[in-house]
Amino acid sequence: MANRKSNIHSDEQEQYFKDRAGTDEARFHVVPHDEEGWAVKKEGQNEPEYTAESQSEAVEKAKSMAEEAGTMAILHNEDGKIEDLVNYEDK
């Protein structure tokens, strides 16, 4: 049963990201990137909006992009797990 629940949650989460993709509500994620070290990706897009050699550079860019868009920057660690959220939605 537990496995089935996680699949349902996974499907709902995938749909959630698809619904946000390409909208003004899409958030910016800082994630590890093979080619350049770190990438800023907008939800629902495979190609990065920005790449950087350092995590800190990618974080600063994601924050700037999220603030300009009035959305969130979601910061992942080297393992891909969410480390921090920066919310610009109400500003």
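The values are calculated or read from the model by the stated rules, or taken from the named source; none is laboratory data. Bear in mind the structure is a predicted one, so any value in this text is a computation, not a measurement. Positions of Cβ are generated from backbone atoms using ideal geometry, with glycine treated the same way; all protein chains shown enter the neighbour counts. Please note that ligands, DNA and RNA were not included when accessible areas were found on the heavy atoms of the full protein model with its side chains. Shrake-Rupley method; radii C 1.70, N 1.55, O 1.52, S 1.80 Å.
Tabulated values for the structure
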| item | result |
| --- | --- |
| Those residues of region 58-87 which are within 12 Å of HIS33 (Cβ to Cβ) and either basic (Lys, Arg) or open to solvent by 30 Å² or more (accessible area, probe 1.4 Å) (or both), in sequence order | GLU78, GLY80 |
| Residues within region 41-78 that are among the hydroxyl-bearing types (Ser, Thr, Tyr) and free of Cβ contacts under 8 Å to residues at least 12 places away in the same chain, tallied | 2 |
| Condition met for THR23 (β-branched (Val, Ile, Thr) and modelled with pLDDT under 95) | yes |
| Subset of region 56-91 (residues that are part of a helix (DSSP H, G or I) and either touching a Lys or Arg at 6+ places or on another chain (Cβ under 6 Å) or not small (Gly, Ala, Ser) (or both)) | GLU57, VAL59, GLU60, LYS61, LYS63, MET65, GLU67, GLU68 |
